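Step one of this worksheet: look at the structure below.
Quick note: the coordinates plus some simple rules give every number you see, no bench work behind them. Bear in mind the structure is a predicted one, so any value in this text is a computation, not a measurement.
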Amino acid sequence: MNMKGGKGPRGRSSGSTRGGIRKRGATKRVDRDGDLAMDAGSAQGRGKKGRGDSSRSVATGPRAQTRDRALDAIQKAITSNADSQANIRQGGRGSSLEQVSIRGWKQSKAASNRDGGVESLIAFLEKKLNTSDSKAGSRAKITKSRVEGDAFIVSIRPELLERMLKMNGFSFAGAPLTIQLYDPSTNGMDQTMLSEMSQNGTPSAADTKSKMTTILRKRYYQQEKLLNLSKLGNDPDLLAMGIFNSTSTESKFFPALMKVWDMNFDNSTVRREAVESVSLADNQLANIAVITTLAQTFPDLKNLDLSNNNFKDSQSLIGWRWKFRNLEFLDLTGTPYSADPSFKDTMLKWYPKLRFLNNTEVRTAEEVASQKKTPIPVQAPHFQDESQIGENFIKAFFAGYDSNRTDLLNGVYDGNSTFSLNVNTAAPRVLQTETASWDPYIKKSRNLLKINHLPARMSRSYVGAEKIRDLWNTLPQTRHPDIGAHPEEWLIECFPIPGLPDPSGQSPTGVGGLLIMVHGKFEEINGPKVELRSFDRTFILGPGGGMGGIRVINDVLCLRAHGGHEAWKLEQPIVQPIQPGPPPVQPQTVPPAAPNGYGMPAPGKPDVQLQQEQLTMEISAKTGMTLQYSEMALSGNGWNMDAALKNFEELKAQGQLPPDAFLSGAV
Amino acid sequence: MAPPSEDALTKVSTDAATEFVQSFYPALQSNRETISSFYNQTICMILFNGNVVADGQAVQEIFVNQMPPAHYEIQSFDCQIINQAYPTPTATGLKAPNETTLKDKSILVLVSGYVQFGESRDVPQRGFSETFVLVPNPSADGPKGKCKREWLIESQTFRLVV
């Protein structure tokens, strides 16, 4: 993918390449269909996978193997769904509540209320639930609710489901309501709908699914990470299925297609990475109502081609106003909306990372990057240790926390050590994917925003190694990245602090110790499932009777969705912080283009490595070569600076150094 | 004096942290000329993204003069007592453990949330993690002034993490 030179992400600058995409689809079709014909029909009746667990697999490793696996997974899903109606109804992820979607309320008189009528709708639904047949003791309640587009999604106890669905068609403030069981990925696809869609062939859901799989495979380009759904109306397979014979099947087709896509993956990371580009060009779309589920299936999409459709204004795309937060390329050429004077401004506002709109560059990479820039320049971690106590502790701590928590507790925690954890369930994250459930932690979480009662605040603070052990034994197994091998994934700051309690009683007015702040990520191992999470963990170490004469006084852990480590990567090149007047901020000197922590002491980094990094930075500064070439020059000359410099001058004079040996702008 | 009950310790520390978090971040947002009043005279360390800042006055100057408008959203925070008998300075020197009261504590506070720099709602939410050590305000006991804060920042480490 080449984003340079004002071309689109697929390197296209004119219509010709775009045609290319389609041409490719046509030329490869035989192959792809052939593939499918061979695979289809195999792998039946294995295992059971309910729809609720959205079985997914696919797309690593060699293509053929992937394809087999994809088909396999789909076949499994199809078979199990065809077998058992019950699976369909189980719905969302083993939750004990049922979700129901309600539509039509936006047309009611209540919709003009300040809250859009949501409150009166809840009141209305609860009242109806209670009056219809309230023999069942407890009062019916809408436990949770949210708005999704024009649907209002409510969660209710399973026993209320039937009653709720019976209210379909009830009139609310002058508008009839449509009430259906909600499905998170399709907004209401069910068995009936799949059957309905296969009007020409065998009216079975399985058959429809396998046809959809064929269509998806034909239109998916793994190498390019492209799903080409353009000109669906001309697709002979879809025409043969009779998808476009009625508006009802037409509207259900796309959500179903997305659902079938989802079913290919049981690993959300793989699913996330499988597609970067989607084309929905030439589909006569007047708005996104029918295709809105695209945003749920591909939340991290980078390139979206919607050209040659009938979108008239921003309103026809409004459902995607807050979606696709990583969109870089958007094509709406050939739509009436493109001619709107506010078109460009609106799209720039909607999509902060948008770089190309209708094949024209609208933001440079620098402009996108500068949005992320913080007014507080990002500097290397401040790590001010004392006799390597902090460094040794951190190394031992995370290794021990992963492998043997009891030993760790015996080693450095004592009767007064305090531990507590809190979960930030809403933290920003890098990718817009679902975060694994916080169930293993949430009952222990001491988020003081939410835990307001004193007894709960007390019981969620764990004092003494014994209590901490009991708690840690209930927490999932973890695997933190190796600090030495992946220093960039960690950010560790440390400095000495005074005023700590002295268990020996010799310094009644307090002793010194270390305050250590660690930010990073870990894998959580839950049986076969591995979840990625981020954490912030602050320790206070003081003198004590533990290993190395220290004890952990405090250990506070904050857990959050995976947020990556981009945030602490040094901005490149390092710019001087804006500083009028006396400089209260003292930036540390870091060479350009050095990765975070490079040339800086860090826990786990051997001295030799540190020296070599510092030499590398020195020669890089002198020669203008990249760190990589600088390191090559040094290592090739036995890490002798003078020899390396001499060698550099010779090679440079002979013109033997390629341009990419130099930092940009250095030559 | 009997040692304070666990109830009392929890109450005093969590109230202190709550009060602090709920007044400090709004001040960063819209009351920047009061920022220095949150800081202790003696500062152990103040770090913003690895930048060392000298004291509360310097933090205030940065926020008043250099920082664009910012919207802070606290999503989670927790606290722990560090020293139950913190040697609060008095006119006659540091308090000895037998002189300390329920208020002579140092408190560790860990905050997790996001910040949006700039006025627009469309700018990205940047996740941050911030650690504070709070100590008692030695002059908070006195009768003067209504704006006396009970707890002051002795050290602060701010990091953008997302």
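Based on alpha carbons, the Rg and Dmax found for the range A:257-305 are 11.4, 34 Å. With only the Cα atoms considered, the range A:361-490 has a convex hull volume of 194 Å³ per residue. Distance between Cα centroids, the range A:332-380 to the range A:449-485: provide it in whole Å. Answer, in whole Å: 43. The alpha-carbon of residue A:569 sits under 19 angstrom from the alpha-carbons of these aspartates and glutamates, leaving out residues fewer than 8 places away in its chain: A:366, A:367, A:482, A:488, A:489, A:493, A:536, A:613, B:130.
When the C-alpha to C-alpha distance is required to be over 20 Å, the pairs from A:211/A:259; A:127/A:450; A:106/A:231; A:127/A:443; A:109/A:323; A:323/A:344 that qualify are A:127/A:450; A:106/A:231; A:127/A:443; A:109/A:323. Kirkwood's formula applied to the C-alpha pairs of the range B:29-162 gives a hydrodynamic radius of 16.2 angstrom. For the range A:270-403, the Cα gyration tensor yields ellipsoid semi-axes of 43, 19, 11 Å (square root of five times each eigenvalue, largest first, whole Å). Here residue A:312 is the anchor, and the aspartates and glutamates within straight C-alpha reach of less than 15 Å, apart from those fewer than 8 places off in the same chain, are A:282, A:331, A:340. In summary, the range A:326-391 shows an alpha-carbon radius of gyration equal to 1.87 times the 2.2 N^0.38 Å reference for compact globular proteins.
Among B:87, B:138, B:68, the residue with the largest mean-square fluctuation in a Gaussian network model of chain B, with springs joining Cα atoms closer than 10 Å, is B:68. The convex hull defined by the C-alpha atoms of the range A:612-654 has an orientation-averaged projected area of 2.5 nm².
Quotient of the Cα radius of gyration of the range A:95-186 and 2.2 N^0.38 Å, N being its number of residues: 1.01. Relative to the longest principal axis of the Cα atoms of chain B, helix B:6-30 runs at roughly 30 degrees.
Distance from the Cα centroid of the range A:250-286 to that of the range A:204-221 is 12 Å (rounded to whole angstrom). The number of Lys pairs in chain B with C-alpha atoms less than 19 Å apart, excluding pairs fewer than 8 positions apart on the same chain, is 8.
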